[in-house]
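This report concerns only the one structure given below.
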Amino acid sequence: MNKTRWYKDSVFYQIWPRSFKDGNGDGMGDLYGVYEKLDYIKSLGCDGIWFSPIYPSPGADCGYDISDYMDIAPEFGGMEAFRLVLEGAHQRGMKVLMDLVVNHTSDEHEWFQKSRRRIEPYTDYYIWRPGKPGGKLPNNWDSNFEGKAWTWDEVRGEYYLHLFAVKQPDLNMDNPLVREEVKRIMKFWLDMGVDGFREDVITYISKAEGLPDDHLFPIYKGMPKYNHGPHIHEYLAEFKRDVLDHYDCFTLAEAPLVWPDQALKYIDEENGQIDAMIQFQCQCADCLFTDYIPTKFSLKRMKRAFSNWQYKLRHRAWNMLYLENHDHPRIISRYGSEKFWKESGKTLAASYLFQQGTPFVYQGQEIGMLNWKPESADMYEDVQTCYNYAHSALNKTPQQRLERLWRSSRDSARTPVQWDSSENAGFSTGEPWFYVNQNYREINVAQQEADPDSILNFYRKAIHLRKSLSVVRHGNYRELFRYNSKLYVYAREMKGQKLLVICSFSNRDHILPTPTGFDFSKAQLILNNYSDDELQLNVLKPYECRVYLWT
Ligand code: NOJ
């Protein structure tokens, strides 16, 4: 099959289905709601949708605990609604990516139910161990969500491994039968017409032989023993050879803790096994490894992450670009400024939308949604947040602990999309499954549709520009003023076209040093976030951004 690599020209929109739009009034976002909003997504200039999981699931991790891989959950509208959405998206020239979550299943999946009872062929579908003498766990690994990575199962009389929640047992990918299941799932959806997969924590699927203890890693003990494990490239190559190579599809691998050189082993265009990677370094400019260990925002760290990936992948592999998704709090509340909400929302957009790669926009990001800040910790839903709250920062005051959650919790970015200023932000006519951010009367789609100067319309312009300028797809990337801690400036250059993106991350006026080799008298200012009469060539207003073009 000839791979056209169509995704290189695409901009994706990520839907986290529970909170996107409720179409049938039961309070839960669903595919009827998505169907209603396809034209809206298209109007942003997006031509692809990534769906976070929409399969049947008990919901212990909001759908990332799947109990049936070949169906669509009834609360989202079932298969009928999905086919409608798929067709509707394709009619509008939009591709559809499914979330492929095969590191683990739900413990309610039929495979697990049979495996715990040793019913063949499922006995070895999961990672079971008897435990060590003296009642000790099989090894010292931590789960990413809920304490230790092992839970005792009474039915089987053994421990099972779960790198995430207790209700998310890890599959045993070393078992060829499990790999056949994965291939069957891939084929099922590709044959139906979906255009590819975002592959959930796919770098975790091959665990170190013998599941040895880990004595190195400071958090998530065990990670070096299962991330980028011994057979990872072999298994991914098998999926590619047996399935993915036969479709003109796009695969995107989620990869916690990966750096560019290592990423190339997966995504090198010559001999990689997947097309692009969701890396986490761009999410670590205000934390250490995880949002739960916050640090002060450092623009230099953000720039280093962006530039490193741009330089290292050049001519060899393709970048996936993002600032937000369902696993991190909202970006304006983190890297920008709630005070300079509109300005910083636009600057953040410009900071990534003109880089080389395929950008993703997470629902609500395009209107500058901010972190949800509930008044009480028991309003949180997310399994990771609840565990963390119960077990960390116990020496702090209740208010300090709550504020940590505002900054770290995934729920900060999982509230319903704010469509208008009517009740429930226009998300649902019923009782929403989750809280609506109380700022919805000021921040909503309807209000921003009507305002040419809104963040929403800025995203539209930026995406339109990126699509119309070949320098954004093909040009070289070069960072300027690397050591400046308030400005992010980068150029994109190719024969006959040159682009300069200037973003200030300062909350006061800031001098713009003169970049050598850029004659502003010959440039066209194609995008900015202050009015023209406020423009001063050598001074940037708070969170000002400008994009200049030379042709
Ligand atoms: C990564 C997903 O993005 C996250 O939401 C999920 O909780 C974990 N993987 C486990 O599936």
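The values are calculated or read from the model by the stated rules, or taken from the named source; none is laboratory data. None of the values given here were measured: they were computed from a predicted structure. Cβ sites come from the backbone with ideal geometry, for glycine too, and all protein chains shown count toward neighbours. For the accessible areas, the whole protein counts, side chains as well, though only heavy atoms, and no ligand, DNA or RNA atoms are used. Shrake-Rupley method; radii C 1.70, N 1.55, O 1.52, S 1.80 Å.
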Query raised in the report: Taking region 161-184, which residues are basic (Lys, Arg) and within 16 Å of the ligand (Cβ to nearest atom)?
Result: 167
Report task. State yes or no: is residue 383 within 24 Å of the chain's Cα centre (by Cα) and within 16 Å of the ligand (Cβ to nearest atom)? Result -> yes
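What are the residues in region 265-279 that are surrounded by 19 or more Cβ atoms within 10 Å (Cβ to Cβ) and out of contact with any Asp or Glu (no Cβ under 6 Å at 6 or more places or on another chain), if any? Spell out how you get there, then give the answer.
Of the residues in region 265-279, the ones surrounded by 19 or more Cβ atoms within 10 Å (Cβ to Cβ) are 266-267, 272-279.
Once the filter is applied, which keeps residues that are surrounded by 19 or more Cβ atoms within 10 Å (Cβ to Cβ) and out of contact with any Asp or Glu (no Cβ under 6 Å at 6 or more places or on another chain), region 265-279 yields 266, 267, 272, 273, 274, 275, 276, 277, 279.
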Query raised in the report: Does residue 68 qualify as being charged (D, E, K, R), surrounded by fewer than 22 Cβ atoms within 10 Å (Cβ to Cβ) and under 21 Å from residue 416 (Cα atoms)?
Result: no
**Report entry** Selection count, region 406-426, where residues are within 22 Å of the chain's Cα centre (by Cα) and not in a helix (DSSP H, G or I)
**Finding:** 7
Query - Selection count, region 239-263, where residues are under 23 Å from the mean Cα position of the chain (by Cα) and either assigned to a loop (DSSP other than H, G, I, E, B) or within 16 Å of the ligand (Cβ to nearest atom) (or both) - result: 11
Query raised in the report: Restricting attention to region 337-359, does a residue exist that is under 15 Å from the mean Cα position of the chain (by Cα) and part of a loop (DSSP other than H, G, I, E, B)?
Result: yes
Report task. Read through the list (1) free of Cβ contacts under 8 Å to residues at least 24 places away in the same chain; (2) open to solvent by 80 Å² or more (accessible area, probe 1.4 Å), then give the number of the only condition that residue 528 fails. Result -> (2)
Query raised in the report: What helices (runs of 4 or more DSSP H) completely inside region 1-95 contain at least 2 residues that are of a type outside the set (Asp, Glu) and without any contact (Cβ under 8 Å) to a residue 24 or more places away in the chain?
Result: 78-91
Report task. Can you give me the number of residues within region 77-104 that are over 28 Å from residue 203 (Cα atoms) and either among the acidic types (Asp, Glu) or within 14 Å of the ligand (Cβ to nearest atom) (or both)? Result -> 2
Requested in this report: Answer yes or no: is there a residue in region 488-505 that is open to solvent by 30 Å² or more (accessible area, probe 1.4 Å), out of contact with any strand residue (DSSP E or B) (no Cβ under 7 Å at 6 or more places or on another chain) and either closer than 21 Å to residue 346 by Cβ or assigned by TED's automatic domain parsing to the domain that holds residue 337 (or both).
Outcome: no
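Could you check region 117-147 and list, in sequence order, the residues that are out of contact with any Pro (no Cβ under 7 Å at 6 or more places or on another chain) and over 28 Å from residue 236 (Cβ atoms)?
117, 118, 119, 130, 133, 134, 135, 136, 137, 147
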Requested in this report: Kindly indicate whether any position in region 62-76 is within 19 Å of residue 204 (Cβ to Cβ) and either small (Gly, Ala, Ser) or not assigned by TED's automatic domain parsing to the domain that holds residue 212 (or both).
Outcome: yes
Requested in this report: Could you list, in sequence order, all residues of region 101-121 that are within 27 Å of residue 189 (Cα to Cα), hydrophobic (A, V, I, L, M, F, W, C) and open to solvent by 20 Å² or more (accessible area, probe 1.4 Å)?
Outcome: 111
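I'd like to check something: does region 33-50 contain any residue that is under 29 Å from residue 179 (Cα atoms), within 13 Å of the ligand (Cβ to nearest atom) and open to solvent by less than 10 Å² (accessible area, probe 1.4 Å)? Write out each step before concluding.
Residues of region 33-50 under 29 Å from residue 179 (Cα atoms): 48-50.
Filter once more, so that each one left must be within 13 Å of the ligand (Cβ to nearest atom): 50.
Those left that are additionally open to solvent by less than 10 Å² (accessible area, probe 1.4 Å): 50.
Yes, because at least one residue in region 33-50 is under 29 Å from residue 179 (Cα atoms), within 13 Å of the ligand (Cβ to nearest atom) and open to solvent by less than 10 Å² (accessible area, probe 1.4 Å).
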Requested in this report: Only residues in region 340-369 that are open to solvent by 10 Å² or more (accessible area, probe 1.4 Å) count as the first member; pair them with residues that are among the hydrophobic types (A, V, I, L, M, F, W, C), Cβ under 7 angstrom, at least 6 apart or cross-chain, and list the lot.
Outcome: 341/332; 342/455
